[in-house]
Amino acid sequence: MFKILQKALTTGVVTAPYPRVPARLSESFRGKPEFDLARWKDARPAADVCPTEAITLVEGEAARRVTIDYGRCVFCGQCAEVSSDGAVRVTREFEMATRDRRDLIRTAEYALNPDGSHRALTSASTVDRARAAEASGRELREKIRSTLGRSLAIREVDAGSCNGCELEIIALNNPVHDIERFGIHFVASPRHADMLLVTGPVTRNMEMALRKTYQATPEPRVVVAVGTCGISGGIFGVNYATRGGVDQVIPVDVFIPGCPPRPEALLHGILLAVDRISSAR
Amino acid sequence: MMAVCQNLLDNFPGRMRLLESRSANEIYASLDTADLQEVTRSLLTQHGARLVTVFAEDRVNVEGAFYNYYVFERRGDPAYLILRAAIAPEQPRFPSLAVELPGVNWQEREIQDWFGLEAAGHPNPRRVALHDNWPDVHPLRKDFALHQVLPPFEGEQHEYRPTLGEGVFQVPVGPVHAGIIEPGHFNFAVAGEPILYLQLRMFYTHKGTEKLFEHLPIHRAVFLAESISGDSSFSHGTAFCQAIERAADIEVPFRARVMRTILLELERIYNHVADIGAIATDVGFVVANAHAGSLRESVVTLNEELTGSRLLRGCVCVGGVRRDWTRRQRETLETTLGLVEHGFGELVALVKSSDSTRDRLQRTGYLHPDKAKALGIVGVGGRASGVDLDARRDHPYAAYDCLDFRVPVYTDGDVLHRMQVRIDEVRESIGMIRAALAHLPDGPHRAPAQDIPAGRCALGVVEGWRGEIIHWVRTAPGNRLERCKIKDPSVNNWPALVEAVEDNIIADFPVINKSFNLSYSGTDR
Ligand code: SF4
């Protein structure tokens with residue numbers, strides 16, 4: 001008993017201060033790939049190597065339309081490796097959660113040279129940077145308290161994932177990420193939940209269980225789709241056994257990219273979703 | 001194994017035939033389904049072999065038949081014997097082995113569901129992989145399209161075995177569970193507190209993975225392999241790459257093999273540490289769990305440092321690993337390893353300091369060694385019940401043939417010893433990583449990319465942290481696959497859980513379940 005007490009008392013603070021200060025990321029961490037569309041000479045090698053069809057091409061008459069869908073990206077970094085012009089770069093950005101699925105998609109159109117490489121960028125979609133603004137931990141805590149009394153109750157639903165996302169959600173509860181410091185906790189029943197945190201791809205065999213869980217959650221309920229597969233079906237896509245992303249089955253309020261999203265990315269997405277609660281009321 | 005095979009050929013003259021084998025460690029032979037039971041019996045009893053896995057393949061369009069494959073191994077012999085039985089589409093059935101070998105119960109029923117081949121004489125021939133609400137389809141047949149749209153799900157109609165007797169109740173749990181865990185259905189028959197028996201219903205997370213493998217180019221399929229079971233990304237990815245490398249005769253550079261070994265052991269450490277913490281939580285020892293949680297966090301942070309991903313994703317590739325390590329990365333590995341070793345020592349001391357924890361874990365969830373052997377249990381659950389199997393030692397891959405390590409085996413068979421196996425293994429892993437790092441050879445970290453020849457078959461085997469992971473591939477033209485069979489150790493081990501919970505009180509179910517910690521996604525694919 002003494003040893004246990006001693007251990008409990010002698011361990012210092014291990015909790016990471018994110019989001020009050022930026023997350024501590026290792027130098028090797030692979031986050032969002034950034035595309036310098038104007039400088040990009042050829043999208044074909046990247047599209048060819050991309051494991052999940054996050055980069056897709058539509059070839060036209062001496063023109064090419066490139067679509068980059070971060071909702072399908074598994075952050076493997078191969079697109080950067082094969083793009084010899086240096087226009088694709090792996091960054092350490094991970095705060096990519098968004099309320100609008102369309103925010104995760106970028107498009108670019110190119111006029112082509114005879115050899116199929118890009119001659120000129122003719123048009124490109126813009127990204128709404130303002131959405132990326134996020135609240136500090138303290139503001140957030142206050143927001144949750146003011147909207148939900150003291151706490152936010154989350155019900156996690158694995159609707160077919162490989163369990164990778166669950167590992168990172170579980171990590172939110174460890175002493176390093178300690179999500180409870182925000183008054184956020186995980187509950188056993190959807191009836192006690194304010195939020196559903198759903199991973200995918202939604203399988204045919206989980207579709208009904210997911211719908212039932214959604215119906216059992218009292219309103220106003222917030223649904224967060226977690227991970228590449230939860231957003232789009234990921235590498236599994238839609239097939240005889242899967243329905244694809246969570247939004248194919250129930251309405252989704254926030255999407256958190258990542259394969260799986262690191263705990264800080266999950267926290268960031270949950271915070272974004274909480275904002276939604278206050279604006280809906 | 002070659003001698004064993006020769007002996008079989010002699011005993012079944014004209015009925016068995018040696019097939020082309022590309023590797024000395026994979027011997028293929030064909031046999032007649034009519035001889036299957038006898039040949040199997042001879043292999044198990046006379047030759048001391050073990051049936052590793054059973055699976056099927058649709059070759060009707062090309063060779064006019066379905067094939068069933070039976071993979072055998074034998075202690076002290078690195079070669080596998082793979083017996084192939086042709087099944088005519090006009091007579092779609094094969095003799096079941098499940099009466100004598102209960103371990104193949106589910107795997108044979110999977111063949112029924114995926115391919116529409118009947119396991120004749122199976123003691124419980126009901127559907128296992130396709131739920132009862134599925135239409136009459138066989139998704140792994142070549143004439144079934146990956147994107148076929150099936151009628152909407154209308155609720156599960158499975159009938160569980162009825163409970164008989166006064167005061168006996170059924171307690172259904174799932175598929176959505178109370179905790180943050182994967183979905184599956186447990187049906188308990190209880191008499192008051194004690195569990196009489198448990199019925200399982202899995203495949204809720206079935207994602208069409210094996211079918212999907214047939215539709216992806218190999219360089220993309222590596223990522224699918226990483227998504228079979230999220231806590232075993234690196235092991236499944238490596239098993240897959242090893243199968244491709246063997247099929248294509250790709251020589252993986254020694255440096256890459258050592259790097260893979262280190263990463264495979266890191267995967268074992270982070271999962272074992274988390275499980276030790278989770279077992280502690282389930283008996284109310286939260287301080288130990290908090291400590292395990294921080295320790296696991298240091299390991300996954302190290303994973304990220306070494307591979308860019310906390311769960312070791314996007315690192316393994318056909319021919320080696322995708323990136324070499326810098327000096328800084330190697331130094332971080334060395335320093336962190338020291339810290340992990342120290343922290344792990346503290347965790348173990350903490351867990352062992354609590355007599356009440358010991359009391360709760362000892363004799364809880366007992367799996368008798370005879371049962372474990374009969375059911376074909378592998379991995380941690382097997383080694384805690386006397387099943388002395390470890391592919392790292394028995395079928396060395398990566399750099400395991402150059403490392404000294406001990407395989408812990410106990411016969412106590414309870415939760416306490418499933419935890420003890422993990423404790424011993426983490427210590428061994430730390431030693432192995434240290435030795436591997438000290439002798440990290442120079443040289444390339446991956447073989448040059450090359451085209452994968454079509455029509456080749458090969459196994460890839462990895463002892464994941466949970467147990468034996470098997471991938472079997474047949475390659476197709478254009479760097480693609482004709483078939484990819486995946487066997488996660490969880491498939492073997494669910495019967496162990498069913499056996500171990502019997503006569504325990506229902507309140508102990510969570511800790512017993514945790515002590516096996518099987519993968520639903522790995523099972524369901
Ligand atoms: S980083 Fe994303 S977009 Fe780039 S290749 Fe990988 S999955 Fe595709």
Report, by residue number, each residue of the stretch A:71-89 that is more than 10 Å from the ligand (Cβ to nearest atom) and over 11 Å from the mean Cα position of the chain (by Cα). A:84, A:85, A:86, A:87, A:89
Which ones in the stretch A:21-38 are assigned to a loop (DSSP other than H, G, I, E, B), under 17 Å from the mean Cα position of the chain (by Cα) and at pLDDT 90 or above? A:29, A:30, A:31, A:32
Residue list for the stretch B:394-409, filter: over 18 Å from residue B:468 (Cβ atoms) and surrounded by 17 or more Cβ atoms within 10 Å (Cβ to Cβ): B:399, B:403
Which one of these is on the phi > 0 side of the Ramachandran plot and of a type in the set (Gly, Ala, Ser): B:103, B:165? B:165
Could you name every one of the helices (runs of 4 or more DSSP H) located completely within the stretch B:298-405 that has at least 1 residues being touching a Lys or Arg at 6+ places or on another chain (Cβ under 6 Å) and more than 10 Å from chain A (Cβ to nearest Cβ)? B:379-383
When you scan the stretch A:61-68, do you find a residue that is among the hydroxyl-bearing types (Ser, Thr, Tyr), within 11 Å of chain B (Cβ to nearest Cβ), closer than 23 Å to residue A:245 by Cα and within 12 Å of the ligand (Cβ to nearest atom), even just one? no
Hey, could you check the stretch A:39-52 for residues that are more than 10 Å from the ligand (Cβ to nearest atom) and assigned to a loop (DSSP other than H, G, I, E, B) and say which is farthest from the other protein chains (Cβ to nearest Cβ)? A:39
Residue list for the stretch A:90-114, filter: within 16 Å of the ligand (Cβ to nearest atom), part of a loop (DSSP other than H, G, I, E, B) and in contact with a helix residue (DSSP H, G or I) (Cβ under 9 Å, 6 or more places away or on another chain): A:94, A:96
When the residues of the stretch A:200-217 are filtered to those that are modelled with pLDDT of 90 or more and more than 9 Å from chain B (Cβ to nearest Cβ), which remaining residue is surrounded by the most Cβ atoms within 10 Å (Cβ to Cβ)? A:202
Would you confirm, using the coordinates I've provided, whether residue A:58 is near the ligand (Cβ under 6 Å from one of its atoms) and of a type in the set (Val, Ile, Thr)? no
Considering each residue of the stretch A:201-224, count those that are within 26 Å of residue A:151 (Cβ to Cβ), out of contact with any strand residue (DSSP E or B) (no Cβ under 7 Å at 6 or more places or on another chain) and touching a residue at least 40 places away in the same chain (Cβ under 8 Å), and give that number. 2
Residues within the stretch B:52-111 that are among the basic types (Lys, Arg) and either in a strand (DSSP E or B) or within 20 Å of residue B:22 (Cα to Cα) (or both), tallied: 4
Considering only helices (runs of 4 or more DSSP H) fully contained in the stretch B:414-525, which possess at least 3 residues that are free of Cβ contacts under 8 Å to residues at least 24 places away in the same chain and in the same structural domain as residue B:266 (by TED's automatic domain parsing)? B:415-438
All conditions in (1) within 16 Å of the ligand (Cβ to nearest atom); (2) out of contact with any Leu (no Cβ under 8 Å at 6 or more places or on another chain) are true of residue A:117 except (1)
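The values are calculated or read from the model by the stated rules, or taken from the named source; none is laboratory data. All of these numbers come straight from a predicted model, not from anything done at the bench. Using ideal geometry, Cβ is built from the backbone for each residue, glycine included, and neighbour counts are taken over all protein chains shown.
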